[in-house]
Amino acid sequence: MKYIAKVFFMLTMLLLCTTTIFASEQNNVLKGTALKPGDCIGIVAPASGMDGMDISMAINKLQSWGYRVKLSPNLYQQAGYLAGEDAQRASDLNNFFADDEVDAILCLRGGYGSERILDLLDYELIKQHPKLLIGYSDITALHMALWQKCHMTSAHGAMVIDINDSSLNYTDEQLRHGLSSTNVSEDGLFPLPYNQKLEVLNAGVAEGTLIGGNLSVIAALCGTPYALDSKDCILFLEEVGEDSYAIDRMMWQLWQSGLLKNVNGMIIGNLRHCEPTSPKQYDYSVRQVFEQYAKLMQVPVIYNFPVGHGSINGFLPLGVKAKINADNTNPQLIIEENYAQN
């Protein structure tokens, strides 16, 4: 009996140790480092190409903020609607993660093409060199892959194409602050543009890991190895140029896939050029579509969040613990965890 009890005790301790190690690995979120003056920003084009654009002003502004800028070797390549062949774009991204001179990675633009390089990325290499990657739109595919494969934080924020010559600009200031900081504000409260007010589709309070990005990209990656695991998460969605029926179709796909059924809360960002914006006969407005899913999901949902396509685009960390306070009088998003290290 003593022998059996000893074996049972040893097996129990082994199980506890294994469970603890597994839980530790699951909670081990990788984070890049907040930038300091003199640090280097690497610019890559993982999706669409330059298309004749002049980025000298954007580079000058980044340098005026105190950073060095390094352009990826294939930045000026073009292959149809892509910024070079898939292997070239993947190589640039892999190499910038491995390059110790590069401290953060800023995407040139979205468009299309990031999904095509996901299988070509070296996730084991990337895990060894965690860095903040910033972008939105098609770059959502990279955010999803970095979270699912590396458990790494990233940022849904302005890209090179968005940096302009305005000295007082919410989007630029958000990017500038985001690059040099570890959280969105001292108290974690997400800063809104002047006179911007969030709206509530479902009231309540929710906490979870903040994930998401462009609705079209998230829907397109359902059923792939890069589909989001949305359990206990707060899902952020934004979109551009889609009709209400198309948004309904993609949201229904997310519902049927189970993604929407697992989230603790949802944030709806900019919906630029998504029509109709007001109810019409034999049509739902875009807001009405999201109201239907808010009711179906029965979780707190805030609307009109200033992140996504458009001139007003905040810096939203992904892969961090966050809290929605969907209060009808003062709805808020609070980022409860640093997205970068000092």
Fill in the blank from the handout: Condition set free of Cβ contacts under 8 Å to residues at least 60 places away in the same chain and in a loop (DSSP other than H, G, I, E, B), scope the stretch 284-309, selection least open to solvent (accessible area, probe 1.4 Å): answer is 285
Practice task
Kindly check whether there is at least one residue in the stretch 180-187 that is among the aliphatic types (A, V, I, L, M), part of a loop (DSSP other than H, G, I, E, B), within 17 Å of residue 332 (Cβ to Cβ) and open to solvent by 20 Å² or more (accessible area, probe 1.4 Å).
Solution key: no
Practice task
Kindly establish whether residue 180 is among the small types (Gly, Ala, Ser), at pLDDT 95 or above and in contact with a His (Cβ under 7 Å, 6 or more places away or on another chain).
Solution key: no
Handout entry: Tally of residues being within 20 Å of residue 34 (Cα to Cα), of a type in the set (D, E, K, R) and in contact (Cβ under 8 Å) with a residue 12 or more places away in the chain across the stretch 166-214
Key = 3
Exercise for the section: Please find, among 84, 52, the residue that is on the phi > 0 side of the Ramachandran plot, open to solvent by 40 Å² or more (accessible area, probe 1.4 Å) and either over 17 Å from the mean Cα position of the chain (by Cα) or among the hydroxyl-bearing types (Ser, Thr, Tyr) (or both). Expected result: 52
Exercise for the section: Within the stretch 136-158, identify whether any single residue is among the aromatic types (Phe, Trp, Tyr) and either in contact with a Phe, Trp or Tyr (Cβ under 6 Å, 6 or more places away or on another chain) or under 24 Å from residue 215 (Cα atoms) (or both), and answer yes or no. Expected result: yes
Problem - the stretch 319-331 - residue that is in a strand (DSSP E or B) and open to solvent by 40 Å² or more (accessible area, probe 1.4 Å) and, of those, farthest from residue 306 (Cα to Cα) - result: 321
Problem - The listed residue being among the acidic types (Asp, Glu) and touching an Asp or Glu at 6+ places or on another chain (Cβ under 6 Å), out of 92, 103, 122, 99 - result: 103
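Would you tally the residues in the stretch 268-283 being open to solvent by 100 Å² or more (accessible area, probe 1.4 Å) and more than 26 Å from the chain's Cα centre (by Cα)? Break it down into steps so the answer makes sense when it comes.
Applying the first criterion (open to solvent by 100 Å² or more (accessible area, probe 1.4 Å)) to the stretch 268-283 yields 272-273, 277, 280-282.
Keeping just the survivors that are more than 26 Å from the chain's Cα centre (by Cα) gives 280-282.
Adding up the residues that qualify gives 3.
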Practice task
Scan the stretch 55-81 for residues that are part of a loop (DSSP other than H, G, I, E, B), open to solvent by 20 Å² or more (accessible area, probe 1.4 Å), under 20 Å from residue 161 (Cβ atoms) and not aromatic (Phe, Trp, Tyr) and jot them down.
Solution key: 73, 74, 77, 78, 80
Practice task
Give the stretch 7-49 a look and list any residue that's among the hydroxyl-bearing types (Ser, Thr, Tyr) and modelled with pLDDT of 95 or more, or say none.
Solution key: 33, 48
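The values are calculated or read from the model by the stated rules, or taken from the named source; none is laboratory data. Because the structure is predicted, anything quoted here is derived from the model rather than measured. Because the Cβ atoms are built from the backbone with ideal geometry, glycine has one as well, and the counts that use them run over all protein chains shown. Side chains included, ligands, DNA and RNA excluded: accessible areas come from the protein's heavy atoms. Shrake-Rupley method; radii C 1.70, N 1.55, O 1.52, S 1.80 Å.
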